Amino acid sequence: MKDAIKQTLNEFHLRHTSCREEVLDSFFSANYALGHHDIEEGLKDNFDRVTIYRTLKTFVDKGILHKVLDDEGGLKYALCREACAHNHHRHDHVHFKCEQCGQTTCLETTHIPAVELPFGYSRRETNLLIQGVCPLCNK
């Protein structure tokens, strides 16, 4: 996993810092979206809140992470599995939030249907959050 983290930072021309490596490791270890608070809890006070926030912002700006809206008005982040670039994300897939475990997962192969907007509107990004019970909680 360490190799994947270093390769990702190199690929996106980012300096290797312990915060960037540990935050990225958090996402590689989880198969679901993480909120700022989740990352803070997982890193056990190794870094202050602002450093984590700046790291997340950098990762979003570079195309490593994308934002996932939460049903409670919060914001989570997930790894970009597609080829995203600086300030240009391509995430027309569905996000699923489990009502039992609370985890939000990217459903990469479930695409959002096309929505025709009225004249004068231009789409930049579409978000769709489906809520229900995930396969692990459904057992």
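No lab work stands behind these numbers, since they all come straight from the coordinates. On a predicted model such as this, the values are computed, not experimentally measured, just so you know. Note that each Cβ is placed from the backbone with ideal geometry, even for glycine, and that neighbours are counted across all protein chains shown.
Set the Förster distance to 35 Å, then compute FRET efficiency between LEU136 and VAL50 from the Cβ-Cβ distance, nearest 0.05.
On the way: r = 34 Å, r/R0 = 0.97.
Calculated transfer efficiency: 0.55.
Which one of CYS134, LEU69, LEU9 is farthest out on the positive end of the charge dipole of the chain, using unit charges on Cβ (Lys, Arg +1; Asp, Glu -1) and the Cα centre as origin?
The residue sitting farthest along the positive end of the dipole is LEU9.
Express in nm, to one decimal, how much length is gained between GLU41 and LEU117 on full extension, taking 0.36 nm for each residue of separation and deducting their alpha carbon distance. Intermediate values should be presented prior to the final figure.
Values: separation 76, 0.36 × 76 = 27.36 nm, distance 4.05 nm.
Result for the pair: 23.3 nm of gain on full extension.
Using only Cα atoms and rounding to the nearest 10 degrees, what angle (0 to 90) does helix 49-62 make with the longest principal axis of the chain?
That works out to roughly 60 degrees.
Once you compute Rg and the Kirkwood Rh from C-alpha atoms, what is the Rg to Rh ratio for the chain?
Working: Rg = 15.8 Å, Rh = 16.1 Å.
With Rg and the Kirkwood Rh in hand, the quotient comes to 0.98.
Where does each of ASP45, ASP25 land when they are ranked from fewest to most other beta-carbon atoms within 10 angstrom? Please report the intermediate quantities before stating the final value.
On the way: ASP45 7, ASP25 16.
Listing ASP45, ASP25 from fewest to most nearby Cβ atoms yields ASP45, ASP25.
Multiply the residue gap between ASP70 and LEU14 by 0.36 nm, knock off their C-alpha separation, and tell me the result in nm, one decimal place. Please report the intermediate quantities before stating the final value.
Numbers: separation 56, 0.36 × 56 = 20.16 nm, distance 2.81 nm.
Between ASP70 and LEU14, full extension yields an extra 17.3 nm.
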